[in-house]
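Student: Input: one structure, supplied below.
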Amino acid sequence: MDFRIPASCLAVMERLASCGYPSYLVGGCVRDLCRAVEPHDYDLTTPASPAEMKRVFDGFRVIETGIAHGTLTVLSDGDSYEVTTYRVDGDYSDGRHPDGVTFTTSLEEDLRRRDFTVNAMAYAPDAGLFDPFDGQADLAARVIRAVGDPEKRFSEDALRILRALRFSATLGFTIEKNTAAALRRLAPTVRRVSPERIREELFKLLAGGFSRGVLAAYRDVLFAAVPALASLGDRYPDAAEAAARLSSDPVLSLAALSSPLGADATAALFRSLKTDKKSERRAALAVAALAAGLPSTLPEAGLFLVAFGEPTARDAIALAAALGRPTAKTERALSDFLATGRPTALAELAVRGDDLSAIPARERGEILMRLLNLAATGEVENDREALLARALNKG
Ligand code: ATP
Ligand code: MG
């Protein structure tokens, strides 16, 4: 077993070694190296205590925010590495966070606290792979298996329930039978997980190339994590299929899943997961646009673009396509419309509020919108004189 490790990472390991401390790559990066996938980051574990680590990296640029949990972030040649002291977690009385952490000098103990066997391997160039829980075998069999007793591990930390689904959806691995049974039984406890962490795992799950199977097999777990989805009922399978087709865009994927519930419920669902406002608005607008009915003629396309704008129109088409609805006519109508150069926003209209001084100020906004719709449908040219004539005659 010989992996290519970045030189800046080896430099951190060599620094520890020169001070007498072994260190290992651990967690997701070892899993990915074993799968011949380039890791997106490299985490290290060492028996050096937090105080010892600080001495070892004296003179390096470091970030100490995680030090209470034993993690020192070390900057090496522009890259950053999290170095964590071998650790065992204390009791989990809230079902989510350990009451405290204890440091240990046993690498095996550190690996034992980790969630799944494929995430519980350690590697160092000189020592090779250390794999006391047979993560290699589970990688080869493409299986997500809890380290130790799954029931106990999910009771300690309910986030692991969602992580199991997430890894299954991203790696395409099946969840081992006992692990799956335990997470199904304990699904109601995902309520203990913060909305932010649920969102993070849910978006990673939806972005996974293998989300389809997970969404189909674990709907009850998903409903426990996002209770609003439970009211989908019979509409769930089609919505889940649409969500799986949109894995390249997880915000739209979740919008697809929630689309049968309507725009308001979609906005509420995104809010309940504490997503950013931009994603919430985007999802709700896409669902509203879909519900408004997609345009199929040139004038309809104009009105649709005035109402929703082009980005939302594109999102609504993507939703419709994922839901298996025909979109060819809409796409043609939109591209034909865009070729006309007609206006779809007030800023593009040849008339402004100031041009309507003959009309009471409070009526101008509504009149401008009417003119915009007329110009968008082609009933009136987007020409100042023509629009003003229309406004003053029939305003
Ligand atoms: P990713 O590729 O998404 O970063 P990862 O496996 O590296 O996946 P992280 O969340 O970065 O996941 O966590 C790093 C490692 O820490 C995991 O591989 C696992 O060993 C351990 N770990 C993380 N979260 C938990 C948890 N809730 N319970 C137990 N172990 C965990
Ligand atoms: Mg990671």
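The values are calculated or read from the model by the stated rules, or taken from the named source; none is laboratory data. Just so it is clear, the structure is predicted and the values come from calculations on it, not from any experiment. Cβ sites come from the backbone with ideal geometry, for glycine too, and all protein chains shown count toward neighbours. The area values use the complete protein model at the heavy-atom level, side chains included, leaving out ligands, DNA and RNA. Shrake-Rupley method; radii C 1.70, N 1.55, O 1.52, S 1.80 Å.
Student: Which of the residues belonging to the stretch 94-126 are acidic (D, E) and either assigned to a loop (DSSP other than H, G, I, E, B) or over 14 Å from Y24 (Cβ atoms) (or both)?
Tutor: Taking the stretch 94-126 first, the residues acidic (D, E) are 94, 99, 108-110, 115, 126.
Across the stretch 94-126, the qualifying residues are D94, D99, D115, D126.
Student: State whether the residues of the stretch 9-29 include one that is more than 16 Å from ligand 2 (Cβ to nearest atom), free of Cβ contacts under 8 Å to residues at least 60 places away in the same chain and closer than 15 Å to D110 by Cα.
Tutor: no
Student: Considering L129, L139, which residue is out of contact with any Leu (no Cβ under 8 Å at 6 or more places or on another chain), assigned to a strand (DSSP E or B), closer than 22 Å to T45 by Cβ and open to solvent by 10 Å² or more (accessible area, probe 1.4 Å)? Show your work before the answer.
Tutor: Numbers: L139 fails: assigned to a strand (DSSP E or B).
When all the criteria are applied, what remains is L129.
Student: Continuing with this model, one more query. Criterion first (within 14 Å of Y21 (Cβ to Cβ), among the basic types (K, R) and at pLDDT 95 or above) does R112 satisfy it?
Tutor: No, not satisfied.
Student: So, one more: Are any of the residues in the stretch 91-102 under 25 Å from the mean Cα position of the chain (by Cα) and within 15 Å of ligand 2 (Cβ to nearest atom)?
Tutor: No; the residues of the stretch 91-102 include none that is under 25 Å from the mean Cα position of the chain (by Cα) and within 15 Å of ligand 2 (Cβ to nearest atom).
Student: Residue check: is P237 crowded, with 16+ Cβ neighbours inside 10 Å and assigned to a helix (DSSP H, G or I)?
Tutor: Numbers: crowded, with 16+ Cβ neighbours inside 10 Å: no; assigned to a helix (DSSP H, G or I): yes.
The answer is no for P237.
Student: Considering each residue of the stretch 29-42, count those that are surrounded by fewer than 18 Cβ atoms within 10 Å (Cβ to Cβ) and within 12 Å of ligand 1 (Cβ to nearest atom), and give that number. Explain how you work it out, then say what you get.
Tutor: Step one: filter the stretch 29-42 for residues surrounded by fewer than 18 Cβ atoms within 10 Å (Cβ to Cβ), giving 35-38, 40-41.
Still in the running and within 12 Å of ligand 1 (Cβ to nearest atom): 35, 37-38, 40-41.
Here the count works out to 5.
Student: Please give the number of the condition D110 fails out of (1) over 15 Å from A48 (Cβ atoms); (2) within 13 Å of ligand 1 (Cβ to nearest atom).
Tutor: For D110, the exception is condition (1).
Student: Checking the conditions here, which among A376, A328, A301, A288 is open to solvent by 40 Å² or more (accessible area, probe 1.4 Å) and small (G, A, S)? Even if it seems obvious, please write down each step before you answer.
Tutor: Details: A376 fails: open to solvent by 40 Å² or more (accessible area, probe 1.4 Å); A301 fails: open to solvent by 40 Å² or more (accessible area, probe 1.4 Å); A288 fails: open to solvent by 40 Å² or more (accessible area, probe 1.4 Å).
Going through A376, A328, A301, A288 in turn, just one is open to solvent by 40 Å² or more (accessible area, probe 1.4 Å) and small (G, A, S): A328.
Student: Those residues that are under 24 Å from the mean Cα position of the chain (by Cα) and surrounded by fewer than 16 Cβ atoms within 10 Å (Cβ to Cβ), I need them from the stretch 142-160; list them, please.
Tutor: R142
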